[in-house]
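See below for the structure under consideration.
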Amino acid sequence: MRHLVAWLLTACLCGGAYAEEDAGVKAVERGDYPAALREFKQAAERGESAAQVNLGNLYMKGLGVEQDYTAAERWYRQAAEHGDPMGQSKLGILYYYGLGVDKNTDEAARWFVKAAEQGEPGAAAVLGSMYAEGEGVIRDNVKAYYWYTLAADGGQTDALQARATLVDEMTPGEIAEALQRVGEWREAQLEAAKSSAQDIADKPSGVKGKKRNGSGGARKKSRNRG
């Protein structure tokens with residue numbers, strides 16, 4: 001369990017799909033964290049959730065600024081309350097460890113659920129472990145299997161190992177129920193993908209999007225959220 005939560009914690013400022021032109025991300029890439037702090041703060045104050053998460057990461061890690069868990073919590077919470085799954089995951093971490101907030105595994109689980117339901121694999125993996133161990137939630141092997149599977153489908157390889165260990169402790173009935181839930185989730189995902197593809201196919205060709213920000217194109221969000 002601890003190593004899964006640690007994975008989420010150390011994922012700050014690592015990888016991610018982000019806009020190439022984003023000044024804050026470029027500053028991070030060249031190690032200029034004070035510049036990244038300025039850029040992310042400007043975007044975060046405009047309400048961009050991706051920048052809010054990035055800014056929280058800098059405060060969490062103490063990069064370009066003195067380490068400040070309270071400030072990290074403030075920015076993560078803003079992103080989380082805007083529905084950003086990574087912000088929700090990071091806020092869950094703070095509650096899990098008691099960083100910048102009172103330690104509260106119940107509240108940690110609540111935020112991990114919000115993130116996992118949006119497909120955030122790290123949160124799903126941690127949630128699987130919380131259900132497997134009854135930490136912050138009532139122990140439930142079926143739910144643990146379900147969340148481990150969603151995490152694994154999202155690329156969280158640690159979840160595969162955790163699920164294999166869990167299966168040895170499950171009854172045949174629990175396994176059958178878990179497989180049914182996973183099957184229902186995958187079917188729902190497939191239907192959603194088909195619906196999305198149909199919507200795209202039904203759009204008239206040659207329709208151009210509206211210009212925004214006065215520059216002829218949409219402003220991309222800063223990513224690099226880890």
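The values are calculated or read from the model by the stated rules, or taken from the named source; none is laboratory data. All values reported here derive from a predicted model rather than from experimental measurement. Using ideal geometry, Cβ is built from the backbone for each residue, glycine included, and neighbour counts are taken over all protein chains shown.
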Checklist entry - When R46 is evaluated against the numbered criteria (1) at negative phi; (2) touching a helix residue (DSSP H, G or I) at 6+ places or on another chain (Cβ under 9 Å), which criterion, by number, is the only one it fails? => result (2)
Item to check | Pairs where the first residue, in the stretch 152-167, is free of Cβ contacts under 8 Å to residues at least 12 places away in the same chain and the second is of a type in the set (V, I, T), C-beta under 7 Å, 6+ apart | outcome: none
Checklist entry - Being assigned to a helix (DSSP H, G or I), in the same structural domain as E39 (by TED's automatic domain parsing) and more than 15 Å from the chain's Cα centre (by Cα), is that true of even one residue in the stretch 110-129? => result no
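So that you can scan it fast, the table gives a plain yes or no per residue for (1) among the acidic types (D, E); (2) within 30 Å of E29 (Cβ to Cβ); (3) modelled with pLDDT of 80 or more; (4) within 23 Å of the chain's Cα centre (by Cα):
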position	(1), (2), (3), (4)
A164	no, no, yes, no
T171	no, no, yes, no
E184	yes, no, yes, yes
S195	no, no, no, no
N224	no, yes, no, yes
Checklist entry - Which of the residues that make up the stretch 60-119 are crowded, with 21+ Cβ neighbours inside 10 Å, of a type in the set (V, I, T) and over 19 Å from A50 (Cβ atoms)? => result none
Item to check | So T149, is it exposed (fewer than 15 other Cβ atoms within 10 Å of the Cβ), under 18 Å from the mean Cα position of the chain (by Cα) and on the phi < 0 side of the Ramachandran plot | outcome: no
Checklist entry - Among the residues of the stretch 85-95, is there at least one that is at pLDDT below 95, under 14 Å from E135 (Cβ atoms) and of a type in the set (F, W, Y)? => result no
